[in-house]
Every structure is written in structure tokens, then in C-alpha cells.
Amino acid sequence: MLLMPVVNLQEHAQLLAESGKRVSVLWQHPDTLAFIARGREYRSEFHINPSDETMYMIKGDMHLHYRTAEGKEEIALIAEGAIIYTPAGTPHSPRFAPEAFALISERKRRAGEVDRFRWYCPKCDELLHEETFVVHDYAEDPVSKAYRKFFDSEIYRTCKKCGAMMPAPQAT
Ligand SMILES: [Fe+2]
């Protein structure tokens, strides 16, 4: 990897689309980590990151669902060309189409830090399930791994409070 990589975001997004992958890491260093992400057809998890994040929309719009300190779900629209800052510890769920691309900037995790993925009941908003991960390398695509663990389990997806079940995503 170049010591000082210069990345054309449009070209890199195009390469990612052609690869069929979801994530392309640009660089990973202790204080700066950047990757381009392609949207997903279906997104329901909330990510809790021990690092601050910024998300810049290279192509297409994003609806960033997030939860306030009081636990209320809000939605921020990040239009193409716009950027948002998300403080560490904010549960957030980036929802954007497979044809849309975002530049995500964070930092590498420090020793002992864990990332959390949470799902909430679609009916009563109770916490359904939490997956925790130690993110060693973003190229391992931790979001996809968390999804498989959650959606493979009807127990995880069923609300202990009201009994509602979060439906599995349609196969794509
Ligand atoms: Fe519920």
C-alpha cells in the first residue's frame, strides 16, 4: 500500500461495484481508517462504534437511522455530496441502495474495544438482540457476519416482550 494513497472516489466506487463486494478498504492505520461501502438491499441493524465516524455520500442518498441518548429513533438524510459526523457510541443504521456508495472514515480499534450491532423490535422497539465483535480488519466485513448470526436465529429475531418477529431479508 502506498504511504500516501490518492484515491479517486468515483473510480474506486466503480471498481467496487464490478467486484460484487460490499466494502473496499482504502487504508487502515491506528488513527485513520477509510473504506468505501456499497449499500445493501435490506438493513435493520444499529452499529455502535467505539470510534467517531464520518460518512460522505459519493453517489446516491443515505437515510441514516440513529438513536438519541433517550433511545428515540431519528432519521438524517445525507444527500449525494453531503457528509455527516457521528460521535462514538451513537447507535446508527446506514440505509442506502446497492447502487449508492459512501466513504466511511473511522480509526482502527484500540486494544479491548468492541463494536456492537443491535436490533430492535419492529413492533414495540424493545431491544431484540446484540452481537459484539472485535474488528481486527474491516476487509473481513463484520456487518455481513453479524447479519448471518442474527438472521439464522428465530430466537434472536423474536421479541421477548411482545412476541413480534423481525422478518428475514428477501434473498437477493
Ligand atoms: Fe416487541
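Taking the Cα centroid of the range 152-169 and of the range 1-46, what is the distance between the two, rounded to the nearest whole Å?
So the separation of the two Cα centres works out to 31 Å.
For a quick protection proxy, order the peptides 38-48, 69-79, 13-23 by their average other-Cβ count within 10 Å, most packed first.
Result, highest mean first: 38-48, 13-23, 69-79.
Summing +1 for each Lys or Arg and -1 for each Asp or Glu, what net charge is found among the other residues whose Cβ lies under 13 Å from the Cβ of residue 88?
The answer is -1.
To the nearest 20 Debye, how big is the dipole of the chain about its Cα centre, given +1 on the beta carbon of each Lys and Arg and -1 on that of each Asp and Glu?
It works out to roughly 360 debye.
Can you give the Rg to Rh ratio for the range 83-172, taking only C-alpha atoms and Rh from Kirkwood?
Rg divided by Rh gives 0.97.
At q = 0.08, 0.16, 0.20 Å⁻¹, what is the base-10 log of I(q)/I(0) for the chain according to the Debye formula with one equal point scatterer per Cα and no solvent? Please give it to two decimals.
Scattering profile of the chain, log10 relative to I(0): -0.24, -1.00, -1.53.
For the chain, with every protein chain kept in place, what is the accessible area per residue (1.4 Å probe, Å²)?
The answer is 55 Å² per residue.
How do 90-97, 27-34 rank on mean C-beta neighbours within 10 Å, highest first?
90-97, 27-34
With +1 assigned to the C-beta of every Lys and Arg and -1 to the C-beta of every Asp and Glu, and no other charges, what is the dipole magnitude of the range 3-88 about the Cα centre in debye, to the nearest 20?
240 debye
Which of 72/149; 21/145; 21/123; 21/59 have a Cα-Cα distance over 24 Å?
In this structure, 72/149; 21/123 exceed 24 Å between Cα atoms.
Under a Cβ-Cβ cut-off of 15 Å, what is the net charge of the residues other than residue 31 that fall near it, where Lys and Arg count +1 and Asp and Glu count -1?
So the environment of residue 31 carries a net charge of 0.
The values are calculated or read from the model by the stated rules, or taken from the named source; none is laboratory data. These numbers were taken from a predicted model, which means no experiment stands behind them. FYI the Cβ positions are ideal-geometry reconstructions off the backbone, even for glycines, and counts take in every protein chain you see. These accessible areas exclude ligands, DNA and RNA; they are computed on the full protein's heavy atoms, side chains included. Shrake-Rupley method; radii C 1.70, N 1.55, O 1.52, S 1.80 Å.
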